[in-house]
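Student: First, the structure itself, so that you have it in front of you.
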Amino acid sequence: MPLVPELDYGTPASPSAEAVGLTVDGNRVTVPAGSSIMRAAMTAGIQVPKLCATDSLAAFGSCRLCLVEIAGRPGTPASCTTPVAEGMVVSTQTERLKRLRRGVMELYISDHPLDCLTCAANGDCELQDMAGAVGLREVRYGYKGENHLDAAKDESNPYFTFDPSKCIVCSRCVRACEEVQGTFALTIQGRGFDSAVSAGMAEKFIDSECVSCGACVQACPTATLMEKTVIETGVPEHSVVTTCAYCGVGCNFKAEMRGDELVRMVPSKEGKANHGHSCVKGRFAWGYANHRERILKPLVRERIDQPWREVSWDEAIGRVASEFKRLQEKHGRRSIGGITSSRCTNEETYLVQKLVRAGFGNNNIDTCARVCHSPTGYGLKSTFGASAGTQDFDSVEHADVVIVIGANPTDAHPVFASRLKKRLRQGAKLIVIDPRRIDLVRTPHVEAAFHLALRPGTNAAILNALAHTIVTEGLVNQAFVRERCDLQAFEYWAAFVSESQNSPETVGPLAGVPPEAIRGAARLFATGGNGAIYYGLGVTEHSQGSTAVMAIANLAMATGNIGRPGVGVNPLRGQNNVQGSCDMGSFPHEFSGYRHVSDDGVRSTFEASWGRPLDAEPGLRIGNMFDAALDGSFKGLYVQGEDILQSDPNTHHVAAALAAMECVVVQDLFLNETSTYAHVFLPGSTFLEKDGTFTNAERRINRVRRVMAPRNGMADWEITLAIAHAMGFDMSYGHPSEVMDEIARLTPTFAGVSYELLDRVGSVQWPCNAQAPVGTPVMHADAFLRGKGNFIITEYVPTDEKVGPRFPLLLTTGRILSQYNVGAQTRRTANVIWHDADVLEIHPHDAEQRGVRDGDWIRLDSRTGATTLRARVTERVAPGVVYTTFHHPETQANVVTSDYSDWATNCPEYKVTAVQATPSNGPSDWQRDYGEHARASRRIEKTAAE
Amino acid sequence: MEIAKLVRMANQIGRFFAAQRGRDPAAAIADHLNKFWEPRMRAEIATHLAGGGAGLDGPVRDAVGRLREAQLLSVRV
């Protein structure tokens, strides 16, 4: 198995539809107008020597190696910067060109260390390749002249080194940082011979604005920017294309291996979501797979105050089955349930919900999407008829006005953010609706036209005010509404939003936003061309999460921004497989493909396939399971791949519920916080160790491919099968592809999906069936899935979570670039160098009132609990608003969040908690007590053999 | 299950459907409860209604009264 080859055409593809014919070295070739000669040559299979060119970057023309001769034209132009012309006759290899190229290479090599044999890039170095390609045999200038060979190496970044002695100043890294990533952290400092790549203001990489996306490392043609793992291990010898297991962008990577050792993850150019780009997490933060804290053997115990005992797989699975059967016999069929995870594959989540529905005989199955994007499913199904976003990520390239509401893409969806920033640099306008001044509000070469810094909890009010402006100022796309939408529903909605309580002048003061800014943003969105809306958990995790999703859908329909590239409603899913876990029937009320369990026809199809009668009643949601546990009617839980104790709201409540259960089974990589209340621990496998699929935020089904054997001895899907078998319900599959075949048989929107198709075309976006054999990039193109678009009235209802004298501040939570959700993976990587603890962002006014200085310990109290963490005094948050992350169990931000939830879906209201912040000396009582509990609970008894 | 929480959740649902136009709010609320609430939750709120239904808003009371669980209770009574 070799390395997966990727051709480098030298310059980007031209989007032109016009064809141009030319001759290159006697070969006739036809390419789109606007293509470079270099690209045309490569299309004809002729590789023109190059160093500063690569097809992810615009042509630069600095290395002078790609010179060609053109019949009838003087000189030797650079083929990267010279566009093709009809009838052009190009020569890439003449005596004159050979001489020139050798001369150029001599200059490069005269200032380059001659350490090829000990260089980390030996065998993977474009400079080395080009020396060979041009036939370099001598360097007439010698090596004793002035040079850069003593330049100091920068090893400050945990993942890559910068060795300026090997730099040829081709600017590929600088251009990658600008054009691909959009951070502008690198520059060329100095002139002429003194030119040198510089991070920030001549800083070390770690101290600069560098976000460690890896684009510069990937672009570097030498060993100047090099992954430390390659330096330590050597260049890889084979690679496998797989999909990142972090956020919902779903980047494809080449897992580059040496034997069964992963050397590096390189973003795949063929990846349809990432097109060769990556972020610090996917690119570098995979070391957790081999972390010393990983659990590789099953563990059991009778009570949670006992140490764990290592047992065989048979004993552990037997314990799960016997306990679950005992509980059902004693407390009834509906006394147990399961939770699937958006970190797991489609096939794994499908099997867990099948185990619960058919094996347990109830519908007590839910997923962690409950606590993030369940309102998206409800809201978009109610308005459009499909529980999913409408576009692909490529769509952003056609957007003219972009609303980002309740999302922070540069931190949470960085690869998409880079594409968005690129479009904004090209001139698209941006409207940010967020309580915080997120980076997108003002970042190099990007500035939002409007930032509506609303008070947390007022999304629906602001969205109604935008709609009010659009309707009352005559900005509705009447033609679209007439043709595509339910007119009666539109009339009801238009009358509602036109009421004075929805005007910007009424809403502005309560939301803390100037009315003229609301009107300006509404006018821009309605009249600025293609309007696209991107949103995240700042929309969904509210008591009106579903209402706000519907309000977004209403806005898109009213302005005609549905059904073509450049527009649409785009939920940015937090985890890698949020969309997929929902698609797979993880919600307690519906089978795969979003079909309700009470539908007799659908249910009978599943009953026939699974050979068991199925419950027609909806099951318990996650929060309902906790409540039922506390009232004694819910006793057993199988949790695959989710840390509900750290991630779900009101930690005290969750802990009490878990403690009330008699059998909690956790399947995960590490002894997570939930496991401290568990009775059986089943070691799981990483994404590197499994086959399957993830479905990203754009409905794209991507293959996950096993690159090494599961270190725990069993793949996750096999563990679920073993539990089913032990409980007397046989599920039989030889490979995850067979699970997908069953999903396709039973799910109309997946009818055309198979591993064979995915291997052939790379990935597809559902619906993928006879009508759309290779998937559907843009949904609702000619008609909404439900027929007519459904406008829904979205009355603003203030949350029950009120600020007052005791709790005067509003806490909102989120995540940052270097960490991921509960941090189970990223805390076990070098990413902790950027974020080793949660901190509380607090406005200088609020800090001063409380006598809090930057870095001080601060105690955060709410009606549900208290925790302490360090303060970060910043104007990024507005006065009256504080913000923190939930990445670290030592803080457990959710000890202060409340039980309030979305009216339709019970998605928790993480984004609004009334709190007080006061100076503190150290950890809260709860932190001390929990720390002690967690330590005691993680004890593992040594076996006799040890 | 904690009845105060169930009442609050039911009233939240009620508030949403009461704002819609052109449809019977109680029917819409009942439909939502039937589709998304597990039977023991419906049974508990129906029992609460049978005991007076303290805290339940008007249309929600009507909706809970239409649930199958409430009908069963009335038969038993």
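Student: For the stretch A:522-604, what is the relative contact order in percent, using Cα pairs closer than 8 Å and at least 6 residues apart in sequence?
Tutor: Values: 73 pairs, mean separation 20.6, N = 83.
Normalised by residue count, the contact order of the stretch A:522-604 is 25 percent.
Student: Then there is this: Could you tell me the largest-minus-smallest coordinate of the C-alpha atoms of the stretch A:443-586 on each of the three principal axes, in descending order and whole angstroms?
Tutor: For the stretch A:443-586, the Cα spread along each principal axis is 42, 37, 35 Å.
Student: Expressed as a rounded percentage, what relative contact order does the stretch B:3-76 have, with Cα pairs under 8 Å and six or more residues apart?
Tutor: On the way: 71 pairs, mean separation 27.9, N = 74.
For the stretch B:3-76, the relative contact order is 38 percent.
Student: Any chance you could run the full-extension gain for residue A:488 through residue A:116? It's 0.36 nm times the residue separation minus the Cα-Cα distance, nm to one decimal.
Tutor: Working: separation 372, 0.36 × 372 = 133.92 nm, distance 7.36 nm.
The residue A:488-residue A:116 span can extend by a further 126.6 nm.
Student: Distance between the C-alpha centers of the stretch A:756-788 and the stretch A:798-858? Whole Å please.
Tutor: 41
Student: Can you work out the FRET efficiency for the pair residue A:333 and residue A:936, with r the C-beta to C-beta distance and R0 = 30 Å, to the nearest 0.05?
Tutor: With R0 = 30 Å, the Cβ-Cβ based efficiency is 0.30.
Student: Continuing with the same structure: Among rounded, prolate and oblate, which fits the stretch A:101-165 when a ≥ b ≥ c are the square roots of the eigenvalues of its C-alpha gyration tensor, a/c under 1.5 means rounded, and a/b larger than b/c means prolate? Present the calculation step by step, with values, prior to reporting the outcome.
Tutor: Working: a/c = 2.67, a/b = 1.49, b/c = 1.80.
Taking the square roots of the gyration eigenvalues as a ≥ b ≥ c, the stretch A:101-165 is oblate.
Student: Sum up the charges of everything whose Cβ sits under 10 Å from the Cβ of residue A:919, counting Lys and Arg as +1 and Asp and Glu as -1, but leave residue A:919 out. Write down the numbers at each step before the final one.
Tutor: Numbers: positive: A:850, A:853, A:859; negative: A:856.
My count for the surroundings of residue A:919 gives +2.
Student: For the protein assembly as shown, how big is the tail of P(r) above 46 Å, as a whole percent of Cα pairs? Write down the numbers at each step before the final one.
Tutor: On the way: 162626 of 522753 pairs.
Tail fraction, whole percent: 31.
Student: For the pair residue A:929 and residue A:732, what calculated FRET efficiency results from E = 1/(1 + (r/R0)^6), where r is the Cβ-Cβ distance and R0 = 41 Å, to the nearest 0.05?
Tutor: Using R0 = 41 Å, I get an efficiency of 0.35.
Student: Would you list which lysines come within 24 Å of residue A:272, measuring only between C-alpha atoms, while excluding same-chain residues fewer than 8 positions from it?
Tutor: Reachable lysines: A:254, A:281, A:421, A:422, A:690.
Student: What percent antiparallel are the DSSP beta bridges of chain A, to the nearest 5? Let's see the in-between values first.
Tutor: Values: 63 of 110 bridges.
Percent antiparallel among DSSP bridges in chain A is about 55.
Student: Determine the shielding of peptide B:35-46 by partner chains: average, over its residues, the number of Cβ atoms on other chains within 10 angstrom of each Cβ.
Tutor: Details: counts 7, 12, 7, 17, 7, 10, 6, 2, 0, 3, 0, 0.
Mean shielding count: 6.
Student: Would the stretch A:530-659 count as rounded, prolate or oblate if I go by the C-alpha gyration tensor, calling it rounded below 1.5 in a/c and otherwise prolate when a/b exceeds b/c, oblate otherwise?
Tutor: Values: a/c = 2.42, a/b = 1.35, b/c = 1.79.
The shape class here is oblate.
Student: Follow-up. Using modelled amide H (1.01 Å from N, peptide plane; none on Pro or chain starts), what sits under 5 Å from the amide H of residue A:253, excluding residues fewer than 5 places away?
Tutor: Under 5 Å from the amide H of residue A:253 lie the amide H atoms of A:242, A:243, A:244, A:268, each far enough along the sequence or on another chain.
Student: Right, here's the next one. Sum -39500 (n - 2.57) across every DSSP H segment of at least 4 residues in chain A, then divide by the residue count to get the 222 nm mean residue ellipticity, nearest 500. Each step should come with its number before you reach the end.
Tutor: Values: 29 runs with 266 residues, N = 946.
For chain A, the value works out to -8000 deg cm²/dmol.
Student: If N is the number of residues in the stretch A:193-309, what value comes out of its Cα radius of gyration divided by 2.2 N^0.38 Å? Walk me through the intermediate numbers first.
Tutor: Working: Rg = 18.7 Å, N = 117, 2.2 N^0.38 = 13.4 Å.
Normalised by 2.2 N^0.38 Å, the Cα Rg of the stretch A:193-309 equals 1.39.
Student: Using Cβ counts within 10 Å as a stand-in for footprinting exposure, how do A:166, A:788 rank, fewest first?
Tutor: By the 10 Å Cβ count, ascending: A:788, A:166.
Student: Between rounded, prolate and oblate, where does the stretch A:718-820 land on the alpha carbon gyration tensor, with a ≥ b ≥ c its root eigenvalues, rounded for a/c under 1.5, else prolate if a/b exceeds b/c?
Tutor: On the way: a/c = 2.35, a/b = 1.46, b/c = 1.61.
Judged from the Cα gyration tensor, the stretch A:718-820 comes out oblate (a/c at least 1.5, b/c at or above a/b).
Student: Please list, by residue number, everything in the stretch A:485-517 whose backbone N is under 19 Å from a paramagnetic label point 7 Å out along Cα→Cβ of residue A:527.
Tutor: Under cut-off, by backbone N: A:504-505, A:515-517.
Student: While we're here: Determine which residues of the stretch A:898-932 fall in the zone a paramagnetic label at residue A:659 would reach in this model, i.e. backbone nitrogen under 11 Å from the point 7 Å along Cα→Cβ.
Tutor: A:930, by backbone N distance to the label point.
Student: Which angle from 0 to 90°, rounded to the nearest 10, does the C-alpha axis of helix B:39-50 make with the longest principal axis of chain B?
Tutor: In chain B, helix B:39-50 runs at an angle near 90 degrees to the longest axis.
Student: Using the alpha carbons of the stretch B:3-76, what is the convex hull volume per residue in cubic angstrom, as a whole number?
Tutor: Numbers: hull volume 5.5 nm³, N = 74.
Considering the Cα atoms of the stretch B:3-76, their hull volume per residue is 74 Å³.
Student: Listed here are the pairs A:788/A:911; A:802/B:35; A:325/A:381; A:635/A:942; A:802/B:5; A:269/A:788; which of them are more than 27 Å apart at the Cα? Write out the running numbers ahead of the final one.
Tutor: On the way: A:788/A:911 33 Å; A:802/B:35 30 Å; A:325/A:381 36 Å; A:635/A:942 29 Å; A:802/B:5 17 Å; A:269/A:788 38 Å.
With Cα atoms farther than 27 Å apart: A:788/A:911; A:802/B:35; A:325/A:381; A:635/A:942; A:269/A:788.
Student: Between residue A:774 and residue A:849, what FRET efficiency comes out of the Förster formula 1/(1 + (r/R0)^6) with R0 = 45 Å and r the beta carbon distance, rounded to 0.05?
Tutor: 0.15
Student: Still on this structure, please answer the following. Simple spin-label model, 7 Å along Cα-to-Cβ: residue B:54 to residue A:802 in nm?
Tutor: Reported label-point gap for residue B:54 and residue A:802 is 2.0 nm.
Read the figures in this text as sums done on the coordinates, not as results from a lab. Everything quoted here is computed from the prediction, not taken from an experiment. Here the Cβ is made from the backbone with ideal geometry for all residues, glycine too, and neighbour counts use every protein chain on show.
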